[in-house]
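*Asks:* The structure follows.
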Amino acid sequence: MIEMNADPQPLKHFVCERPFDPYSVEVVSPEQEKLYLASQWRMMWLRFKKHRLAVVASIVLAVMYTAILFVEFLSPYNLHSRNVDSIFAPPQRVHLFDKGEFIGPFVYAYDYRLDMETLKRVYTPNLEKPQPIRFLCRGDSYKFWGLIEGQTHLFCPPNGGTLFLLGSDRLGRDMFSRILYGMRISLTIGLIGVSVSFALGMLFGGLAGYYGGWVDDLVQRAIEILRSIPHLPLWLALAAILPVNWSPLLVYFGITIILGLIDWTGLARAVRSRLLSLREEDFCVAAELMGASPGRIIFRHLMPSFMSHLIASATLAIPGMILGETALSFLGLGIRPPIVSWGVLLNEAQNIQVVALYPWLMMPIVPVIIVVLAFNFMGDGLRDAADPYK
Amino acid sequence: MLRYLVQRLFVMIPTLLVISFLVFAIIQAPPGDFLESMIAEQQSRGENVNTEKIEFLRHTYGLDQPFYLQYLHWMFGTWDGLQHQNGGLIFGDLGYSFEHNMPVTDVIGDALSLTVIISLASVLFVWIISFPIAVYSATHQYGLGDYIFTFLGYIGLATPSFLLALVLLYFANVQFGTSIGGLLDPQYIDQPWSLGKLASLMEHMWIPVLVIGLPGTAGMIRRLRANLLDELNKQYVVTGRAKGLPPFRLLVKYPLRISLNPFIADIGSLLPELISGSVVVSVVMSLPITGPILLQALRSQDMYLAGSFLMFMAGLTVLGIFVSDLALAMLDPRIRFGAGGSR
């Protein structure tokens, strides 16, 4: 039981003795002020920087895209230079020390013999013959982007020797160089394809979202139909249309356009749903009342507010295209030699013998995985950053 | 419910019609046709060209007619007034395969049923694998297991399936002695169904199912995890926890049930993905399903064969979407009564 006859006097009102400044909440530190005044794009950048994985991925991609500018210089061999003496040579390891002595990066020459029982080519490193790799040297002559003649490579095979960092294929061509050349095609195909689907997605998504009504219904139905056809068979069928007598370069553009033609649906949906919610906003109604044309409202007023989202979705669409091209070329209906992409290279690794005997022919898969992962991570980061006020 | 069903049916039929038109336009698009290339080939080999037969084929299949008539012929067959005579996709006549020199139905026979079996098995695989992993990842967010599964999921998304197929095939051969290629051990091919044949099918099927299902599994885990996380952060869960509901019961009773929607709803996007995957994988593993035959048909412009396959794949997906929509409507009253989808 609680004692009821305690002192009935109320508690004295408590007043803190410390000085009080009613404006203290509104004082902002310089950092906060910087953040509050930051523009939308700056805030996105700050947000993006926090996503470590995305930053790393963007750096990887930046390096790769820079590298495709200088492929001829970076690769030790040309795309088509054959080495008849070293067919299906396994990767050569780069060493620094020979018998405990430092002689810089070098490789051991290969001794080659044909195993008469299994008819297998056997390569054994000859430990007596260290061959230093040459740097900034003259090697195979090339035409830089098909324009400027040159001979200088970043590094080349030793004099009289070979340098197959990732092995060689059935014609004795260097896999490493071919992967570098393939990078130029595989990486650009995603970009061009995405620009095609970006344009289509904006157009149709914009129309559907802005006008609504039957336009919206039509576009929605079209999207549903396109999405319900499996992509790969459709790509295959479309790729089979490309005439056989087209030049490989034309085929390349044809394939990118085909990839983009089918893939715009996702982007169109994103545009549509954003537009639907945005067009009810006051600033949009105001613009309309002031007599702005639909085109001006869409592109001048609405686009900027969701451009960031679009870029993020586009980034996430690129890996699908790269994988699509790889699969198409792997099946022999995509890019055609002499133009080389990673898929074309993998075309040679189509059977089980390759896995068993020449596993290094599957190396092009490694850059494919890296690029696809990098685009996914970067896209995730961008998507998180797209809405910096949340 | 009945209204919804009828409504969906009415959407499905025009969809299929539009798809059939698209498919026909695509397989018609390459210049020339199979007969022309066949004539050229026979002439180059110095053989006698059987003009009579070619003329007959050309006439029967209306290859000399304008595009829209060919389409109508392919789709609805020939009619004499109101009397249906022969042909027509909707009557089950898939046309004639010029390359194999027999009706398409005879060429594809088994391939279709095996494709359906593999697709269904892959869907099941995706469900069985992704469900526990997603629930675990969501309830242990940012735990070690979550990170590991997320990482594996990304790898699964990024690895082209054909390569995985090759490598797995190689290891299955080395480790378990599974015969390479095909879905059956050689002695069972063209035999009637028996227990042994079924066992052999099972033994061969796990690789394609695994390979085809993996990218879909990764996506499914991601979506289910995100859904469940959204649900777990809602107020009613907090209330339930505050009132002392046992954690397991709290999880299973509402959040899990609501977040299960994508399982059904995503069949629509899962099926195209699986079928796309199965085309590549079946070429690599030389499975007797649609992939290799489709590829060959596309290469040689065997248009009715290619068209039937494309139509079949699209039809399978549309049907899958239809079924998933119905199932979803039964599951979720919000959709049944048209109060906005939860997709």
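No value in this document is a laboratory result; all are computed from the given coordinates. A quick note: this is a predicted structure, and the numbers were derived from the prediction, not measured. Note: ideal-geometry Cβ built from the backbone for every residue, glycine included; neighbour counts use all protein chains shown.
*Asks:* Counting Lys +1, Arg +1, Asp -1, Glu -1, what net charge surrounds A:VAL27 among other residues with beta carbon under 11 Å of its beta carbon? Each step should come with its number before you reach the end.
*Replies:* Details: positive: none; negative: A:ASP21, A:GLU26, A:GLU33.
Summing Lys/Arg as +1 and Asp/Glu as -1 gives -3.
*Asks:* Can you sort B:MET1, B:MET303 so the residue with the fewest Cβ neighbours within 10 Å comes first?
*Replies:* Values: B:MET1 10, B:MET303 26.
If I rank by nearby Cβ atoms, fewest first, I get B:MET1, B:MET303.
*Asks:* For chain A, how big is the tail of P(r) above 29 Å, as a whole percent of Cα pairs? Numbers along the way, then the final one.
*Replies:* Details: 45471 of 75855 pairs.
In whole percent, the share of Cα-Cα pairs in chain A beyond 29 Å is 60.
*Asks:* Could you tell me how many cubic angstrom of Cα convex hull volume chain B has per residue?
*Replies:* Details: hull volume 67.8 nm³, N = 343.
About 198 Å³ per residue, rounded to a whole number.
*Asks:* Then there's this: Specify whether the C-alpha gyration tensor of the protein assembly as shown places it in the rounded, prolate or oblate class, a ≥ b ≥ c being the square roots of the eigenvalues: rounded for a/c under 1.5, otherwise prolate if a/b is larger than b/c and oblate if not. Mind dumping the intermediate values first?
*Replies:* Numbers: a/c = 1.69, a/b = 1.20, b/c = 1.41.
It is oblate, given that a/c is not under 1.5 and a/b is not larger than b/c.
*Asks:* Sort out for me the Cα centre separation of the stretch B:253-331 from the stretch A:49-78, rounded to whole Å.
*Replies:* 36 Å
*Asks:* What percentage of all Cα-Cα pairs in the stretch A:323-370 are separated by more than 18 Å? Write down the numbers at each step before the final one.
*Replies:* Working: 279 of 1128 pairs.
For the stretch A:323-370, the fraction of Cα-Cα distances above 18 Å is 25 percent.
*Asks:* So what is the relative contact order for chain B, in percent, with contacts set as C-alpha pairs under 8 Å and at least six apart? Write out the running numbers ahead of the final one.
*Replies:* On the way: 340 pairs, mean separation 81.9, N = 343.
With pairs under 8 Å counted, the relative contact order is 24 percent.
*Asks:* Using unit Cβ charges (K, R positive; D, E negative) and no other charged atoms, how large, in debye to the nearest 20, is the dipole of chain A about its Cα centre? Write out the running numbers ahead of the final one.
*Replies:* On the way: 33 positive and 32 negative charges, 192 e Å.
Using only the charged Cβ atoms, the result is roughly 920 debye.
*Asks:* Top mean-square fluctuation among A:MET378, A:MET175, A:MET307, Gaussian network model of chain A, C-alpha springs under 10 Å?
*Replies:* A:MET307
*Asks:* Tell me which chymotrypsin sites (Phe, Trp or Tyr not before Pro) from the stretch A:291-390 have a DSSP coil assignment and no more than 12 other beta carbons within 10 Å of their own. Don't jump to the answer; show the numbers that get you there.
*Replies:* Values: sites: A:PHE299, A:PHE306, A:PHE330, A:TRP342, A:TRP360, A:PHE375, A:PHE377, A:TYR389; in loops: A:TYR389.
When the chymotrypsin sites (Phe, Trp or Tyr not before Pro) of the stretch A:291-390 are filtered for loop state and at most 12 Cβ neighbours within 10 Å, A:TYR389 remain.
*Asks:* Ranked highest first by the average count of other Cβ atoms within 10 Å around their residues, in what order do A:36-43, B:165-172 fall?
*Replies:* Details: A:36-43: 11.8, B:165-172: 19.2.
Packing order, densest peptide first, comes out as B:165-172, A:36-43.
*Asks:* For the stretch A:92-163, just say rounded, prolate or oblate: build the C-alpha gyration tensor, square-root its eigenvalues into a ≥ b ≥ c, call rounded for a/c under 1.5, and beyond that prolate if a/b exceeds b/c, oblate if not. Don't skip to the end; give the middle numbers.
*Replies:* On the way: a/c = 3.84, a/b = 1.41, b/c = 2.72.
The shape class here is oblate.
*Asks:* List the residues whose amide H sits under 5 Å from the amide H of B:TYR96, counting only those 5 or more places along or on another chain, with H placed 1.01 Å from N in the peptide plane.
*Replies:* B:VAL104
*Asks:* Amide H neighbours of A:TYR77 under 5 Å, at least 5 residues apart or on other chains, H built in the peptide plane: list them.
*Replies:* A:SER177
*Asks:* Would you tally the net charge around A:TYR142, using a Cβ to Cβ cut-off of less than 10 Å, leaving A:TYR142 out, and scoring K and R as +1, D and E as -1? Walk me through the numbers on the way to the answer.
*Replies:* Working: positive: A:LYS143; negative: A:GLU72, A:ASP140, A:GLU149.
Within the 10 Å Cβ shell, the charges total -2.
*Asks:* Taking 0.36 nm per residue of separation and subtracting the Cα-Cα distance, what length does fully extending B:GLN296 through B:ASN50 add? Could the numbers behind the result be given before it?
*Replies:* Details: separation 246, 0.36 × 246 = 88.56 nm, distance 2.37 nm.
Extra length available between B:GLN296 and B:ASN50 comes to 86.2 nm.
*Asks:* Return the long-range amide H neighbours of A:ASP111 (sequence gap of 5 or more, or a different chain), with a cut-off of under 5 Å between placed amide H atoms.
*Replies:* So A:ASP111 has HN proximity to A:THR124, A:ASN126.
*Asks:* Can you give me the distance in nm between label points at A:VAL25 and A:ARG138, each placed 7 Å from the Cα along the Cα-to-Cβ direction?
*Replies:* Taking the simple label geometry, A:VAL25 and A:ARG138 are separated by 7.8 nm.
*Asks:* Can you tell me the dipole magnitude for the protein assembly as shown around its Cα centre, using point charges on the Cβ only (Lys, Arg +1; Asp, Glu -1), in Debye to the nearest 20? The partial results should precede the final answer.
*Replies:* Details: 52 positive and 55 negative charges, 333 e Å.
Taking the Cα centre of the protein assembly as shown as origin, the dipole is about 1600 debye.
*Asks:* Could you check the spin-label model distance between A:ASN83 and A:VAL15? Points 7 Å from the Cα along Cα→Cβ, value in nm.
*Replies:* 9.2 nm
*Asks:* Compute the longest continuous run of chain A that contains no exposed GluC sites (Glu not before Pro); treat a site as exposed when its DSSP state is not H, G, I, E or B and it has at most 10 other Cβ atoms within 10 Å. Could you put the intermediate results ahead of the total?
*Replies:* On the way: sites that count: A:GLU3, A:GLU17, A:GLU117, A:GLU280.
Value returned for the longest uninterrupted segment is A:118-279.
*Asks:* Let me ask something additional. Compute the normalised compactness of the stretch A:221-336: alpha-carbon radius of gyration over 2.2 N^0.38 Å, N being the residue count.
*Replies:* Numbers: Rg = 18.5 Å, N = 116, 2.2 N^0.38 = 13.4 Å.
The reported ratio for this selection is 1.38.
*Asks:* Taking 7 Å along the Cα-to-C-beta vector as the label spot, tell me the A:GLU101-A:ALA222 distance in nanometres, rounded to one decimal.
*Replies:* For the pair A:GLU101/A:ALA222, the computed spacing is 7.3 nm.
*Asks:* State whether the stretch B:204-250 is rounded, prolate or oblate according to the following rule on the C-alpha gyration tensor (a ≥ b ≥ c being the square roots of its eigenvalues): a/c under 1.5 gives rounded; otherwise a/b larger than b/c gives prolate, and the remaining case gives oblate. Could you put the intermediate results ahead of the total?
*Replies:* Values: a/c = 8.96, a/b = 2.85, b/c = 3.14.
Since a/c reaches 1.5 but b/c is at least a/b, the shape of the stretch B:204-250 is classed as oblate.
*Asks:* So what is the relative contact order of chain A, in percent, for Cα pairs below 8 Å that sit 6 or more residues apart?
*Replies:* Relative contact order comes out at 20 percent.
*Asks:* Sticking with this structure for a sec: Which of B:VAL238, B:ASN227, B:LEU214 sits closest to the plus end of the dipole of the stretch B:203-244, meaning its Cα is farthest towards the positive end, when Lys and Arg get +1 and Asp and Glu get -1 on the C-beta?
*Replies:* With unit charges placed on the Cβ atoms, the residue in question is B:VAL238.
*Asks:* What ³J(HN,Hα) values, in whole Hz, does the Karplus curve 6.51 cos²θ - 1.76 cosθ + 1.60 give for the stretch A:313-324 when θ = phi - 60°, with x put for Gly and Pro?
*Replies:* My calculation for the stretch A:313-324 gives 5, 5, 4, 6, 7, 4, x, x, 5, 4, 5, x Hz in order.
*Asks:* If you plug each phi of the stretch A:129-140 into the Karplus form 6.51 cos²θ - 1.76 cosθ + 1.60 with θ = phi - 60°, what whole-Hz ³J(HN,Hα) values come out, in order, with x for Gly and Pro?
*Replies:* Coupling constants for the stretch A:129-140: 10, x, 10, x, 6, 8, 10, 6, 10, 8, x, 4 Hz.
*Asks:* Could I ask something else about it? If the cut-off is a Cα-Cα distance under 14 Å, which aspartates and glutamates reach A:LYS143, setting aside same-chain residues fewer than 8 apart in sequence?
*Replies:* Hits, sequence-local ones excluded: A:GLU72.
*Asks:* What lysines sit close enough to A:LYS34 to cross-link, taking a C-alpha to C-alpha distance under 22 Å and skipping anything fewer than 8 places away on the same chain?
*Replies:* Result set, ordered by chain and number: A:LYS49, A:LYS50, A:LYS390.
*Asks:* Give me a comma-separated list of calculated 3J(HN,Hα) values for the stretch A:145-162, in order, Karplus coefficients 6.51, -1.76, 1.60 applied at θ = phi - 60°, integers in Hz, x for any Gly or Pro.
*Replies:* Listing the rounded values in order: 6, x, 10, 9, 6, x, 9, 6, 10, 5, 8, 10, x, x, 4, x, x, 10 Hz.
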